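Structure, as structure tokens:
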Amino acid sequence: MKLASLNKGRDGELILVSHDLKKAVKVTAIAPTLQAALDDWQHIAPRLQERYDALNAGTAEGTFDFNPADCASPLPRAYQWADGSAYVNHVELVRKARNAEMPESFWHDPLMYQGGSDSFIPPHADIPLGSEEWGIDFEAEVAVITDDVPMGANPEQCAQQIRLILLVNDVSLRGLIPNELAKGFGFFQSKPSSSFSPVAVTPDELGNAWQAGRVHLPLLVEYNQQLFGKANAGEDMTFNFPQLVAHAAKTRPLGAGAIIGSGTVSNKQETAHGSAIADGGVGYSCIAEVRMIETINTGKPQTPFMKFGDRVRIEMKDAQGQSIFGAIDQRVVKYNA
């Protein structure tokens, strides 16, 4: 199934979206919101599936043209948003750029932070921020939404509780991160509201691309209408989603609707040359990564962070070139109170 939330009210209005993202139908009579559906997934999902099959067969009543610009993030707010760093190559580059050794534990124990989940930005809405001096960056990621997960569940158990998959723009303020981390208490101001793809999909929608708890497809990133990255989300993912969910649930249960992110999608590439799209590489899923490679190669970064008016587009397509989740398409703008 493909599910989305119209941008109405605090928690949206649940709709089903056809496989080709062309048509949609309201399903508020079954579940008013996506959170309500997740709260009783065992009973609600079969009814949604029946309606979804009718939508794709062209027999559902009340259909309308789907417009992703009308959507909030699938969960406009969530009880839990925890973002991992499953692509250890990205972490390794960060540390190499500042001549720091990477602890061996990073290969065995995921990094994860708890993000703000009370105000996600719609996928086609502007990103309002106070200053360009904050070092504005995007991070293209994949995430999963879980059902209830008991504390201490192992990865095999967690795999059975993954209900939906979606894309993320985890906005980061790179200029604020160093001072926050230096305090020894983690991210807060440096991680403003994130955005998610217009559509969340059940794993079966991905077919063979969903294997071993990973999405084996390129994550396409356009920056100011130029292809910036096409890293494969299934490659170089040290920790798969069941492992990330298990990490989050080690000391606490996760409630239905918990969102667990992959961290910046990053493929291991030759850093001396060839990693940019223009040089035949797969590019990058955030600006920080290209700046790290520039620092490693030349001693200092050259690519600036985002300015007001800059635009980022994040999308994933199947083997036939069909968009799966719809696109996150956003501009950074000056915040005015």
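The values are calculated or read from the model by the stated rules, or taken from the named source; none is laboratory data. Computed from a predicted structure; not experimentally measured. As a convention, Cβ positions derive from the backbone with ideal geometry for all residues, glycine included, and neighbour counts pool all protein chains shown. To get the accessible areas, we keep the full protein, side chains included, count just its heavy atoms, and leave off ligands, DNA and RNA. Shrake-Rupley method; radii C 1.70, N 1.55, O 1.52, S 1.80 Å.
Of the Cα atoms belonging to segment 178-337, the radius of gyration and Dmax stand at 17.3, 48 Å.
Heavy-atom accessible surface of D109, to the nearest 10 Å², is about 80 Å², with a 1.4 Å probe and all protein chains retained. Shape verdict for segment 132-255, please, from the Cα gyration tensor: rounded (a/c under 1.5), prolate (a/b greater than b/c) or oblate. In terms of gyration-tensor shape, oblate.
Note on S119 and A29: their simple-model spin labels are 3.7 nm apart, each label 7 Å out from Cα toward Cβ. Using a 1.4 Å probe over the heavy atoms of the protein chains, calculate the carbon and sulfur portion of the accessible area of segment 1-100 as a whole percent. C and S fraction of accessible area: 46 percent.
Sort segment 1-144 into rounded, prolate or oblate with this rule: let a ≥ b ≥ c be the square roots of the eigenvalues of the Cα gyration tensor; rounded if a/c is under 1.5, and if a/c is not under 1.5, prolate when a/b is larger than b/c, oblate otherwise. Taking the square roots of the gyration eigenvalues as a ≥ b ≥ c, segment 1-144 is prolate.
Connecting C-alpha atoms closer than 10 Å in a GNM of the chain, tell me which of L38, L219, L176 has the biggest fluctuation. Highest fluctuation of the listed residues: L176. Report note on the peptides 286-296, 184-194, 307-317, 163-173: ranked by the mean count of other C-beta atoms within 10 Å, highest first, their order is 163-173, 286-296, 307-317, 184-194.
Given a 1.4 Å probe, how much area per residue of the chain is accessible, in Å²?
44 Å²
How much of the pair distance distribution for segment 120-178 lies past 16 Å, counting alpha-carbon pairs only, in percent? Result: 60 percent of Cα pairs exceed 16 Å. Is the shape of the chain rounded, prolate or oblate, going by the alpha carbon gyration tensor and its root eigenvalues a ≥ b ≥ c, with a/c under 1.5 for rounded and a/b larger than b/c for prolate? Verdict is prolate for the chain.
Projecting the Cα atoms of Q225, G299, M316 onto the dipole axis of the chain, where Lys and Arg carry +1 and Asp and Glu carry -1 at the beta carbon, places G299 farthest toward the positive end. Between the helical axis of 41-57 and the longest alpha-carbon principal axis of the chain there is an angle of about 80 degrees.
If you run the Gaussian network model on the chain, springs between alpha carbon atoms under 10 Å, then out of Q161, Q35, Q269 the most flexible one is Q269. Note on the chain: GNM, Cα springs under 10 Å; of S323, S266, S85, the largest mean-square fluctuation is that of S323. Solvent-accessible surface of protein heavy atoms, probed at 1.4 angstrom with all chains present, puts Y87, Y223 in the order Y223, Y87, largest first. Calculated mean residue ellipticity at 222 nm for the chain: -5500 deg cm²/dmol, from DSSP H runs with n ≥ 4 weighted as -39500 (n - 2.57), summed, divided by the residue count and rounded to 500. Computed in the context of the full set of protein chains, the accessible area of segment 216-337 at 1.4 Å probe radius has 47% of its extent on carbon or sulfur.
Starting from the Cα gyration tensor of segment 244-337, multiply each eigenvalue by 5, take the square root, and state the resulting semi-axes largest first in whole Å.
Taking √(5λ) for each Cα gyration eigenvalue gives 28, 20, 19 Å.
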